[in-house]
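Novice: Let me give you the structure first, and then I'll get to my questions.
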Amino acid sequence: MKSSYSSMLLFLVTLSIVCFVNDAHMDPTYGFVEVTLNESNFIRQKPYDIPLEQRYSYVNGTHRFWVYADDKPQTLGSNTQPRTEIHLLPNYTSGVWQFEGQAFVPNGTSGATIVQIHGAAHGNTTLLLRIYNGDMRYYSTQVIDTNLYDKWFKVNIIHDVDGGEVIVFVDNKEKYKMPDQGPGILFYKFGVYGAPKNISYYMESRWKDVKLYKKC
């Protein structure tokens, strides 16, 4: 009886350890250290000719961004599309970094980038995640996830600069992995930014629980 009890106890302990390890590896932030963020880490960007409060709000921990297709760009003379975004500091040039946030995109928003990695050796960006008709795409090509309208979903983006790789998770599930665009002065941005064409007139995203991590 004692031997059976000991065997059962050993089995349960082993099972608990295995489950703990498995659960840890289901969390994209496992092995990362959270970077302390404060107000100075959030640089807000909006159409240059209107006050921030006409395109952005922050209420009860939720950032709300909205923009119209005929809005002006961020700076006078720029040829970029309209945006309301947050540039998340710090910038980085090496190491392994991770963005995390809960996102919400209302029905009707289409052709809008909701999160990106800005900077690259070739081109302006390493990654754009866009919403088209409720689906998330890598730029305008690969579908990463579907049916995302009108619900909160968690986005994690790991950028291994030294290894030249980017991994995208949605709700703790790995959805896409791709080589990056080379080193540069890099940073995460989130909000809403019109794509070059086929955008809805009104575009909106909401974000909460935004965090930044660095690999140990």
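Values in this text are rule-based calculations from the coordinates and carry no lab data. Bear in mind that the values here come from a model prediction, so they are computed numbers and not experimental data. Ideal geometry is used to build each Cβ from the backbone, glycine not excepted, and the neighbour counts take in all protein chains shown.
Novice: Counting each DSSP H run of 4 or more residues in the chain as -39500 (n - 2.57), what helix-only mean residue ellipticity at 222 nm follows after dividing by all residues, to the nearest 500 deg cm²/dmol? All intermediate terms of the calculation are to be shown ahead of the outcome.
Specialist: Values: 1 runs with 25 residues, N = 216.
After summing the helix terms and dividing by the residues of the chain, the value is -4000 deg cm²/dmol.
Novice: Another question, if that's okay. With each pseudo-label sitting 7 Å past Cα toward Cβ, what's the Tyr48-Asp171 distance in nm, one decimal?
Specialist: 4.2
Novice: For the chain, find the longest principal axis of its Cα atoms and tell me its angle to the long axis of helix 2-26, 0 to 90°, nearest 10.
Specialist: 10
Novice: Another one. Find, among the chymotrypsin sites (Phe, Trp or Tyr not before Pro) in segment 102-176, those assigned to loop by DSSP (not H, G, I, E, B) with at most 14 other beta-carbon atoms within 10 angstrom. If you can, show how the numbers build up before the last one.
Specialist: Working: sites: Phe104, Tyr132, Tyr138, Tyr139, Tyr149, Trp152, Phe153, Phe169, Tyr176; in loops: Tyr139.
Sparse-neighbourhood loop chymotrypsin sites (Phe, Trp or Tyr not before Pro): Tyr139.
Novice: Here's a follow-up. Using Cα-Cα distances under 8 Å and only pairs 6 or more residues apart, what relative contact order does segment 134-216 have, in percent?
Specialist: Numbers: 86 pairs, mean separation 12.9, N = 83.
That works out to 16 percent.
Novice: Do any trypsin sites (Lys or Arg not before Pro) in segment 154-216 lie in a loop, going by DSSP, with at most 11 other beta-carbon atoms within 10 Å of their beta carbon, and if so which? Write out the running numbers ahead of the final one.
Specialist: Numbers: sites: Lys154, Lys173, Lys175, Lys177, Lys189, Lys197, Arg206, Lys208, Lys211, Lys214, Lys215; in loops: Lys197.
Passing sites in segment 154-216 are Lys197.
Novice: Quote the relative contact order of the chain in percent (integer), defining contacts as alpha-carbon pairs under 8 Å separated by 6+ residues.
Specialist: Worked out over the chain, it gives 29 percent.
Novice: Now a separate question. Say a paramagnetic label sat at a point 7 Å from the Cα of Glu34, along Cα to Cβ; which residues of segment 82-121 have their backbone N under 20 Å from it?
Specialist: 88-91, 96-104
Novice: Please work out which option in [x] 37, 19, 16; [y] 24, 21, 18; [z] 44, 27, 15 gives semi-axes √(5λ) of the Cα gyration tensor in Å calculated from these coordinates, and answer with its label.
Specialist: Checking each listed value against the structure points to [x].
Novice: Which order results if Met203, Met26, Met136 are arranged by neighbouring Cβ count within 10 Å, fewest first?
Specialist: Values: Met203 31, Met26 12, Met136 25.
With the fewest neighbours first, Met203, Met26, Met136 line up as Met26, Met136, Met203.
Novice: Suppose a student asked you for the relative contact order of segment 82-176, using Cα pairs under 8 Å spaced at least 6 residues apart; what percent would you report? Could the numbers behind the result be given before it?
Specialist: Working: 173 pairs, mean separation 26.3, N = 95.
Reported relative contact order: 28 percent.
Novice: At 0.36 nm per residue, minus the direct Cα-Cα distance, what do Cys216 and Asn107 gain on full extension? Give it in nm, one decimal, please.
Specialist: Details: separation 109, 0.36 × 109 = 39.24 nm, distance 3.85 nm.
Gain in length upon complete extension: 35.4 nm.
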